[in-house]
Amino acid sequence: YKESRTIVSFNLWSQNRSVESVKQLLKEQNADIVILLEYTEEWHDELKASLSTYPYHKMRIRSDNFGMAVYSKLAMETNLKINDVPQINAKFLTHDLFYLLVRHPRPPLNPTTYQAQIEMFDELEDFVNNTSKPVIVAGDLNTSSFSYSFDQLIHATSLIDTRRGFGLQATWPSLLGQFGIALDHFLINNKINIVERRVLQDVGSDHFPIFLEMMIKKPPQLVRRRFN
C-alpha cells in the first residue's frame, strides 16, 4: 500500500480569474486530497472536470468567501457543520484511519468575529484532545503563527505546526511573496510524520497554495518475551 499521503490546501480567492493556472496546478500535484476554500459556484463549474478523478467529496458552495470543498481519492466519511461559516470534518477509512478537520473562520477584525474564531479553536481543542487517532487541522485559519489565539491552540492541544523545520512558508498576501505571513496552516498531532511541506507557485490568488506529504506513524510493535 502507499506509505505516504499528499494533501494540497488552497484558498482559491473568489475573484481569481487564473482558471487555467489553477487547473494546471491540480494536475501537476495530483494530490490524494485537495482542500479548496472560497469555493464558489463559478469555481465549482470551472474545476469539476479537473476534479473528476476524485470519487469522494464534500462541499459547501457559497457566493461569499467562505465556501469550501474537500476532494479525495481515499475513501472518507464526512460531517459538514455550518455555524455561520462551514466546517468539514473528514474521517479517512484507510487501514491507517485518520481525521482531517478543515476550517476557515472569518478574519478576527471585531469582537464578534474574534470570539467566533476562539470558539472554533476551542472546538478543535476538544476534538484533538479526545481522540487517539491521527489528526490534521488544515485551512486558512485567518491567524498567523505568531498570534495569541494560535499559540493558545497549539499549547492546549500539543498540535504541531508542520512549518517547523521548513522555514516561514508565508502564504498571504501572495504579492509580498516570502515577506508575507502564514495564514494557511497544516497542524498535526503526534501520530503523524511529515515527509515534505512546501508553498506552491502563485496561480492568481491572494494566497499561495500549500502542499503536505505525511505518513501515519506505525504503532510500536509488541515485544514478545520468551520464557524457557
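The values are calculated or read from the model by the stated rules, or taken from the named source; none is laboratory data. Note that this is a predicted model, so its numbers are computed, not measured. Every residue, glycine among them, receives a Cβ derived from its backbone with ideal geometry; neighbour counts consider all protein chains shown. The protein model used for the area step is the full one, side chains on, heavy atoms only, and it has no ligands, DNA or RNA in it. Shrake-Rupley method; radii C 1.70, N 1.55, O 1.52, S 1.80 Å.
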Run down Ile82, Ile61 and say which single residue is without any contact (Cβ under 8 Å) to a residue 40 or more places away in the chain, hydrophobic (A, V, I, L, M, F, W, C) and in contact with a helix residue (DSSP H, G or I) (Cβ under 6 Å, 6 or more places away or on another chain). Ile61
The condition of being at pLDDT below 95 and open to solvent by 10 Å² or more (accessible area, probe 1.4 Å) holds, among His57, His95, His44, only for His95
Within region 69-92, can one find any residue that is open to solvent by 70 Å² or more (accessible area, probe 1.4 Å), of a type in the set (Lys, Arg) and over 19 Å from the mean Cα position of the chain (by Cα)? no
Here are Asp202, Asp126: which of them is in a loop (DSSP other than H, G, I, E, B) and either open to solvent by 50 Å² or more (accessible area, probe 1.4 Å) or polar (S, T, N, Q) (or both)? Asp202
Hits in region 111-152 (condition: in contact (Cβ under 8 Å) with a residue 60 or more places away in the chain and either under 21 Å from Asn11 (Cα atoms) or of a type in the set (S, T, N, Q) (or both)): Ile136, Ala138, Gly139, Asp140
